[in-house]
């Protein structure tokens with residue numbers, strides 16, 4: 001089997017990429033509904049509701065569990081990988097986003113004094129538990145449908 005047809009016939013890979021794409025598109029929809037702002041840049045951004053990382057790893061683990069069995073070593077690897085991604089999204093990346101917010105505020109206050117030319121640090125890089133939960137739900141739904 002050739003590489004390209006093989007990739008597109010890999011149901012687990014297709015479902016994981018589909019979950020990511022749906023989560024990214026939902027971010028734009030949520031922005032329109034809640035903020036009344038159409039921002040297509042959200043399709044390629046991290047952070048926000050729902051978490052596309054969470055959707056991707058949830059679909060991946062679900063697909064592997066369905067295909068190879070819930071007791072398979074590869075499911076165990078994907079489940080642990082997923083847990084690390086979920087923890088990172090709500091812990092490490094969220095903390096880094098909060099630190100970026102504080103640093104941006106400091107630079108903004110000190111700018112007139114120091115004449116410091118610095119681009120704003122990206123603040124929306126992590127997720128709240130609700131955003132991660134939303135991503136997991138998207139991932140489960142996509143994993144069950146594909």
Please go through the stretch 106-130 and give me each residue that is closer than 30 Å to residue 29 by Cβ and at pLDDT below 90, ordered by number.
119, 120, 121, 122, 123, 124, 125, 126, 127, 128, 129
Conditions: (1) surrounded by 14 or more Cβ atoms within 10 Å (Cβ to Cβ); (2) at pLDDT 80 or above; (3) not in a helix (DSSP H, G or I). Residue 30 meets all but one. Number of the miss?
(3)
The condition of being farther than 20 Å from residue 145 by Cβ, modelled with pLDDT under 95 and surrounded by 13 or more Cβ atoms within 10 Å (Cβ to Cβ) holds, among 46, 52, only for 46
Within the bounds of the stretch 10-19, is there any residue that is touching a helix residue (DSSP H, G or I) at 6+ places or on another chain (Cβ under 6 Å) and farther than 26 Å from residue 75 by Cα?
no
Criterion first (out of contact with any strand residue (DSSP E or B) (no Cβ under 6 Å at 6 or more places or on another chain), surrounded by 13 or more Cβ atoms within 10 Å (Cβ to Cβ), touching a residue at least 40 places away in the same chain (Cβ under 8 Å) and assigned to a helix (DSSP H, G or I)) does residue 60 satisfy it?
yes
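Please pick out the residue among 82, 97 that is in a helix (DSSP H, G or I), free of Cβ contacts under 8 Å to residues at least 60 places away in the same chain and closer than 14 Å to residue 137 by Cα.
Values: 97 fails: closer than 14 Å to residue 137 by Cα.
The match here is 82.
The values are calculated or read from the model by the stated rules, or taken from the named source; none is laboratory data. Computed from a prediction, not measured in an experiment: that's the story for all the values here. Positions of Cβ are backbone-derived with ideal geometry, glycine not excepted, and every protein chain shown enters the neighbour counts.
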